[in-house]
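Beneath this line is the structure, given in structure tokens, with notes to follow.
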Amino acid sequence: MVLKTPQDFEVHGLEDIQPAYADFPGKMYAGTLPTNNGSRRGEMMFWMFEPDTQLVPESMVIWLNGGPGCSSFNCGIMMEHSPVTQPLHAAGYCCLKPTPDLSINEHTWTKATTMLYVEQPIGTGFSYGDPLPETERDAAGDIDAFLQNFYGVFEHLKPYDFFIFGESYAGMFVPSFTRFIHLRNQKAIEDRDESRFLVPLKGAALGNGWVDGKIQGPATIDYSWWHGLIDKPTRDALHTQWNNCMYQLGTENDVEPPPFHPFNVQDDCGMMWGILQAAGNPNAYDITTWDPNVDQITFTSEGFYNTPAVIESLHAPTNITWHGCRWGEGRRRLVSAQQLEQHRRLYMDNDRPLSVVPYIAEVLDAGIPVLVYNGDRDMTTNMVGQELTLNAMEWSGKDDWLDAPRGLWKVNDYPAGWTKEHKGLTFIVVYNSGHMVPYNQAAPAYDLVTRFLKGQSYMDTVLPAIRIKAHDTTEAKGQTNMFESTILDASVLPTLATSTTPAIENNLFLNASQWELIGVAAVSMIVGFSLAVFFLGKRAGIRKGRYQPVPDADI
């Protein structure tokens, strides 16, 4: 293969189509590069924004959207953090125009770093190849091959610190790609393979990431109940359906009634679709609104990228009709009988592994920092399920992670979210944001990326830790706490039973004080046993990574 030069990929003419591009202070490059990976052959489409100056010098972020099969050119460029995007529309806004409505993004991430947007896996957007990827290993090998060719062209970027960011189903991609690149780097060092460029991998970040469906799937149910989208009987029914799905106790021949279906990596047995139907179909990506802005932005993007002059400017293939997502992909279910029948044959539908949480652990233990952040208004990959996956993760920092310090993250002296940090792992819940944090909270998102690139903490105000031991006593004179009192009462049961047995044998009609004593002992034993089982079970559930619906008493 004869590699091209950067000049072959320079973007010219977009300023004539959309004047806002003329104001970008830097250069843009776009086109396709080979992703030859064993027997797999393909071309991967990219669009890079290289600013003249950047807040974090000599750094570069590759951005990946999810689906799988949803293009980074859609949400990443058109909605989130590129120099020119569609403006944020507040809840209640309807409807977007069918033609591009683009403007300069005041909070573009290109002010901080070089941004590289890639359409992957192969088959997404303008990227093409054969055969299509089926697993994370396939997709990771493709992106690694792309990067080797990319650095062969853009050699001046070789010294730049390299960070992998992704969103949604890219929660599967980012840990897989980070681990794959790291292992390939290590192997090249061990084999003294000078033909491979060692990618200067410095960190990975997951935004509202789908990483483990078996934990995050049922968490969606409780999240929706807590936020008033469904009532308790619906919540209980969905948990029953989840258990049926996971333990193959569904309807005849395991054919689940729509919208439910057998478990797969991309989806959660149809839990989200059951919730949406029961809730009246709100916006799953931002539960504060019913607006269809995400879908409408996709329509706008398709109008833009399928314009012949834009295709020419971006050096994109001319024989491909660009779509924001591959047909039928992502966690959007189609409802016709034929489409339901085809569900198991969709793109990367049998993706493996089932969970990439072990990959996150492996990356962390290799000394590579990982940032996990979630908007608090997103139902699809919500903060509850995300935190549970991290709490269950087996890694070197596990023993201290649950009790690690927690604090407020502030932007312009105002709380933007809360954070927990320990041994290279950072978890952030972003306040007042949906699925796409850079779209909903542009200024905090800019602060988020710049701190991570600089290696700075998000812990601006440390919050108090509330940890209550079961046997602590209260300061009230003459009183003990409920847990200690229960244990003491239960401990006297053998003596109590022995002393009262004669009375029971000789007199079936006990006096009031005797009945009271027996009642207190029985209730104490039941309460003590129940509390012990609950707290031990809850702790064990967290440790083992099993999701347990939160009891009503804890709400």
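Which net charge results when you count Lys and Arg as +1 and Asp and Glu as -1 among the other residues whose beta-carbon is under 11 Å from that of residue 286?
In short, -2.
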### Task
With 26 Å as the limit, write out which pairs from 111/423; 202/423; 214/398; 4/27 have Cα-Cα distances beyond it, or answer none.
111/423
### Task
Please give the peptides 144-154, 193-203, 174-184 ranked by average Cβ packing (other Cβ atoms within 10 Å per residue), highest first, as a rough proxy for protection.
174-184, 144-154, 193-203
### Query
At a Förster radius of 35 Å, what calculated FRET efficiency corresponds to the Cβ-Cβ distance of residue 468 and residue 231, to the nearest 0.05?
0.65
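Taking only protein heavy atoms and a 1.4 Å probe, what accessible area per residue, in Å², does the range 154-223 have with all protein chains in place?
On a per-residue basis, the range 154-223 sits at 33 Å².
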### Message
Give me the dipole magnitude in Debye, nearest 20, for the range 87-221 about the Cα centre, with unit charges on the beta carbon: positive for Lys and Arg, negative for Asp and Glu.
### Response
320
### Task
Enter the accessible area per residue of the range 4-148 (Å², integer; probe 1.4 Å; all protein chains in place).
35
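Roughly speaking, to the nearest percent, how much of the range 338-440's 1.4 Å accessible area is carbon and sulfur?
46
The values are calculated or read from the model by the stated rules, or taken from the named source; none is laboratory data. Quick caveat: nothing in here was measured; it's all calculated off a predicted structure. For neighbour counting, all protein chains shown are included, and Cβ atoms are generated from backbone atoms with ideal geometry for every residue, glycine included. The protein model used for the area step is the full one, side chains on, heavy atoms only, and it has no ligands, DNA or RNA in it. Shrake-Rupley method; radii C 1.70, N 1.55, O 1.52, S 1.80 Å.
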